[in-house]
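Participant: Provided herewith is a single structure, encoded as structure tokens, for subsequent inquiry.
The values are calculated or read from the model by the stated rules, or taken from the named source; none is laboratory data. Since this is a predicted model, take the numbers as computed values, not measurements. Glycine gets a Cβ as well: all are built from the backbone with ideal geometry, and neighbour counts include every protein chain shown. Accessible surface areas use protein heavy atoms only, side chains included; no ligands, DNA or RNA. Shrake-Rupley method; radii C 1.70, N 1.55, O 1.52, S 1.80 Å.
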Amino acid sequence: MDKALRIAVAGLPVILVVALIILARSLPSYFNNQQYLAGFIFLQILLLCLWSYDRFFFPFLMIAFLWAGMDVPMTQPWTMGRWVVLGAGAFVGFVRALRMGLQRYHPFHLAALFCVGSALVSGMVSVVPQLSLMKAFSLFLLFWYAASGGRLVLRDPDRFFRGLLLACEISVYVSAFSYLALGLEIWGNANSLGAVQGVIAAPLLLWGALVAQTKNLRVRRTVACLGALYLVYFSVSRAAMLAAALSMLALLLATRRNKLILQGLAGACCILAVSALATPDRFDERKTSFVSGVIYKGHQAEGLFGSRLTPWQETVRVIQQNPYFGSGFGTSISGDKPFGEVGTFVTTSVQREHGSSYLAIMEWVGLLGIVPFALLIFLMMQAIVRVYLFLRRTGNASHYSVPLMMIMIAGLTHAGFEDWLFAVGYYLTVLFWVLAFLLMDVMPESASYHTTFVHGMRFRYATDPAVTQH
């Protein structure tokens, strides 16, 4: 049986080539159409990534969502194509995980399932049920992939985290060149730039620099980390600044790197001083924007949280009008316009924003539907505390749960001021939830056990927590 299967698989490419030749001769008009050719190439790439699922699919998924959400050419085809990629990846990943026996579920996964159910129920009672149910289904696809296929990257966690760090370095240098040299806002707006660099790049690169095994690698990641922090400053995104600061401070405090904290504060002061001397006009402009707020709906917001008070107040007013069942997942009524998720989030918009992911989900699903989402966030915070205490006790920063803990801290903090946490079409949302599900698999279970992965299987064995090495 296995021999016949291998022969069939080996002969499949030949059969496909012959079939395409016959199709091209019988229906040449299809091969002269650029849309058909682009779709055919897309399907080829998708099949290749599904064939080498563990190695190529997750990068391809992130490329699809990034391409759809960034301000780059040819974004329109990926607006629909990303959902095809996510759906195919969720199904194939689920089948592969079942065959390999890697499905191990936690209360976190059960809470995620209840969140999908809550979103579906809220969609049924929404004033725009079709839109809301589609968004609820997209949440289901994301959680399905994260709970099954997304976990397969842990079959080779070293390669996964090396690739993630390399992607962060590339994003820093590409963003710096685009914004500082070319003046192109490839992330769409300053908020998205700050979110990517403050929530993902800066925390990961700091961790990568601390655990680097060679001096050259440590220097390279340190330079990239400083670049990411400068881009956060450049974006003037206060939420991103706070998120990056808290996540990095958690790592340094847990590992007792007090000297590095002081050095970092001194370095930040030096960078601000140099920036003020080199470009005083721009520095004054950014200082005013940071302290006085931004323009919201044509009016200058006052204070650090001035730009958030108005959307917070509006969201609370809408919640009070429909407190129990909400307006429907992913939909919010302001006047006669439903709020629809887009590739990026903005601070100044013709559509009403919520100013917080937590207020947004409260408005969408109501007080009755918020319970599973609150449980999901609580379990995530519980995992953060467990990893922090483990790191504080052992000082083992090389454990795979440490960078994931940092991203969860940064993401949950940043989501308190921007409504992206459950906007499934946003690339940061996809990456955040995939990493959140991975945290449930790699977090240390107790002080006296060590968790490791051998050929994708999870093993635990007793060890001395004071000298644990991963």
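Participant: List the relative contact order of the stretch 42-153 as a percent without decimals, with contacts defined as Cα pairs under 8 Å and 6+ residues apart.
Facilitator: On the way: 93 pairs, mean separation 33.3, N = 112.
Averaging sequence separation for qualifying contacts and normalising by length gives 30 percent for the stretch 42-153.
Participant: With viscosity set to 1.306 mPa s and temperature to 10 °C, compute the Stokes-Einstein D of the stretch 118-227, Rh being the Kirkwood radius across alpha carbon pairs; µm²/s, no decimals.
Facilitator: Details: Rh = 16.7 Å.
Translational D for this selection: 95 µm²/s.
Participant: Let's test the formula: R0 of 22 Å, r as the Cβ-Cβ distance of L277 and V223. What FRET efficiency results, to the nearest 0.05?
Facilitator: On the way: r = 22 Å, r/R0 = 1.00.
Calculated transfer efficiency: 0.50.
Participant: In whole angstrom, how far apart do the alpha carbon centroids of the stretch 367-430 and the stretch 152-189 sit?
Facilitator: Distance between centres, Cα-based: 20 Å.
Participant: Then there's this: Quote the FRET efficiency, to the nearest 0.05, computed for K259 versus L110 with a Förster distance R0 of 41 Å and r equal to the Cβ-Cβ distance. Could you put the intermediate results ahead of the total?
Facilitator: Details: r = 43 Å, r/R0 = 1.05.
Efficiency, from the Cβ-Cβ distance: 0.40.
Participant: Got a sec to turn the phi values of the stretch 229-246 into Karplus ³J(HN,Hα) couplings, 6.51 cos²θ - 1.76 cosθ + 1.60 with θ = phi - 60°, whole Hz, x for Gly and Pro?
Facilitator: 5, 5, 5, 5, 4, 4, 6, 6, 8, 5, 5, 5, 4, 5, 4, 5, 5, 5
Participant: Can you give the Rg to Rh ratio for the stretch 49-138, taking only C-alpha atoms and Rh from Kirkwood? Could the numbers behind the result be given before it?
Facilitator: Details: Rg = 15.8 Å, Rh = 15.2 Å.
We get a ratio of 1.04 for the stretch 49-138.
Participant: Between V174 and W312, what is the label-point separation in nm under the 7 Å Cα-to-beta-carbon projection?
Facilitator: Here the modelled spin labels are 3.5 nm apart.
Participant: Can you send over the solvent-accessible area of V385, 1.4 Å probe, protein chains only, in Å² to the nearest 10?
Facilitator: Accessible area of V385: about 80 Å².
Participant: Could you sort the peptides 203-210, 431-438, 319-326, 261-268 by per-residue average Cβ neighbour count (10 Å cutoff), highest mean leading?
Facilitator: Ranking the peptides 203-210, 431-438, 319-326, 261-268 by packing returns 203-210, 431-438, 319-326, 261-268.
Participant: List the chymotrypsin sites (Phe, Trp or Tyr not before Pro) within the stretch 61-123 that DSSP assigns to loop and that have no more than 16 neighbouring Cβ atoms inside 10 Å. Kindly include the intermediate steps, with their values, before the conclusion.
Facilitator: Details: sites: F65, W67, W78, W83, F91, F94, Y105, F108, F114; in loops: Y105.
Taking the stretch 61-123 and a limit of 16 other Cβ atoms within 10 Å, the loop chymotrypsin sites (Phe, Trp or Tyr not before Pro) found are Y105.
Participant: Would you pull out the residues with amide H under 5 Å of S356's amide H, same chain only if 5 or more places away, H placed 1.01 Å from N?
Facilitator: Amide H to amide H, under 5 Å and 5 or more residues apart or across chains, S356 pairs with D419.
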